[in-house]
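S.K.: I am attaching a structure below and will ask some questions about it afterwards.
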Amino acid sequence: EAGVAQSPRYKIIEKRQSVAFWCNPISGHATLYWYQQILGQGPKLLIQFQNNGVVDDSQLPKDRFSAERLKGVDSTLKIQPAKLEDSAVYLCASSLARLGTAAETQYFGPGTRLLVL
Amino acid sequence: SQQGEEDPQALSIQEGENATMNCSYKTSINNLQWYRQNSGRGLVHLILIRSNEREKHSGRLRVTLDTSKKSSSLLITASRAADTASYFCATDRGSGGSNYKLTFGKGTLLTVNP
């Protein structure tokens, strides 16, 4: 089966510019996650969707980050305007987990490496 | 905030040796998972152990869980150069009807020298 797809793989922008990342989860996976992974750290959850609804966005910097998952399939994550500290790898993951059940296995995409200059 | 904390931060061994990585966490969990990340790639799920399990095996991997000590260990036997990667533990600690999500540690960088 096809894995989680992400694009672009790399992006270089200047601070104060905007950027968008795209994710296509594994077919049939109801839950989709966006993580931020700063160099030398583990992934940090930014936002979690269940179908097209937001389950958890408590760690999403909402003044500059936004995400949507229209029709409960693909998702986009946007940063506007970007800051130097946003330089990181942005990982998308999906799983079969449903509310009230354990998270079970998450399947990760290759990530988008963002460099903000 | 980081729930899990891996130890050591970095580990370098020779091919054929065993590698042991540890993970400690702070609050009660439903399950604990280990993931591997090769340089520049996404994470790959290795193994999941539930809170009522004490040990689990998968190929050359052996995971233990001690809920009384809030710790887990990952043992890779007969290591290969291809095992070179960062290894992360992740805890699933959903609480009483709220959504469940994984919280990752900072990882252990394993280098297996040929």
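The values are calculated or read from the model by the stated rules, or taken from the named source; none is laboratory data. As the structure is a prediction and not an experimental result, all values here were calculated from the model. All Cβ positions, even for glycine, are placed from backbone atoms using ideal geometry, and neighbour counts span all protein chains on display. Quick note on the areas: whole protein, heavy atoms, side chains included, nothing else; ligands and nucleic acids left out. Shrake-Rupley method; radii C 1.70, N 1.55, O 1.52, S 1.80 Å.
S.K.: Please specify each residue of region B:54-86 satisfying the condition of being in a loop (DSSP other than H, G, I, E, B) and under 27 Å from A:Y33 (Cβ atoms).
M.R.: Within region B:54-86, B:G59, B:T67, B:K70, B:T84 qualify.
S.K.: Just one of (1) open to solvent by 40 Å² or more (accessible area, probe 1.4 Å); (2) on the phi > 0 side of the Ramachandran plot trips up A:G111, so point out which.
M.R.: (1)
S.K.: Considering only region B:54-88, how many residues are of a type outside the set (A, V, I, L, M) and open to solvent by less than 20 Å² (accessible area, probe 1.4 Å)? Even if it seems obvious, please write down each step before you answer.
M.R.: Of the residues in region B:54-88, the ones of a type outside the set (A, V, I, L, M) are B:54-60, B:62, B:64, B:66-73, B:77, B:79-80, B:83-84, B:86-88.
So of that shortlist, the ones also open to solvent by less than 20 Å² (accessible area, probe 1.4 Å) come out as B:72, B:79, B:83, B:87-88.
Number satisfying all stated conditions: 5.
S.K.: Hey, does region A:36-59 have a residue that's within 27 Å of B:T108 (Cα to Cα), within 11 Å of chain B (Cβ to nearest Cβ) and touching a residue at least 60 places away in the same chain (Cβ under 8 Å)?
M.R.: Scanning region A:36-59, I find at least one residue that is within 27 Å of B:T108 (Cα to Cα), within 11 Å of chain B (Cβ to nearest Cβ) and touching a residue at least 60 places away in the same chain (Cβ under 8 Å), so the answer is yes.
Yes or no, residue by residue, for (1) outside any loop (DSSP other than H, G, I, E, B); (2) within 9 Å of another protein chain (Cβ to nearest Cβ); (3) open to solvent by less than 50 Å² (accessible area, probe 1.4 Å); (4) at pLDDT 90 or above:
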position	(1), (2), (3), (4)
A:K71	yes, no, no, no
A:V89	yes, yes, yes, yes
A:E104	no, yes, no, no
A:L115	yes, no, no, yes
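This table checks each residue for (1) basic (K, R); (2) touching a Phe, Trp or Tyr at 6+ places or on another chain (Cβ under 9 Å); (3) in contact (Cβ under 8 Å) with a residue 12 or more places away in the chain.
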position: B:I13; (1), (2), (3): no, no, yes
position: B:E17; (1), (2), (3): no, no, yes
position: B:M21; (1), (2), (3): no, yes, yes
position: B:R36; (1), (2), (3): yes, yes, yes
position: B:G40; (1), (2), (3): no, no, no
position: B:S51; (1), (2), (3): no, no, yes
position: B:S58; (1), (2), (3): no, no, yes
position: B:L61; (1), (2), (3): no, yes, yes
position: B:A78; (1), (2), (3): no, no, yes
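S.K.: Regarding A:K44, is this residue open to solvent by 20 Å² or more (accessible area, probe 1.4 Å) and under 11 Å from the mean Cα position of the chain (by Cα)?
M.R.: yes
S.K.: Taking the conditions exactly as written (small (G, A, S) and more than 24 Å from B:S28 (Cα to Cα)), does A:S58 satisfy them or not?
M.R.: So A:S58 fails the test.
S.K.: Within region B:1-53, how many residues are in a loop (DSSP other than H, G, I, E, B) and either open to solvent by less than 50 Å² (accessible area, probe 1.4 Å) or not acidic (D, E) (or both)?
M.R.: 21
S.K.: How many of the residues in region B:63-87 are within 17 Å of B:K106 (Cα to Cα) and either under 10 Å from the mean Cα position of the chain (by Cα) or polar (S, T, N, Q) (or both)?
M.R.: So the count comes out to 7.
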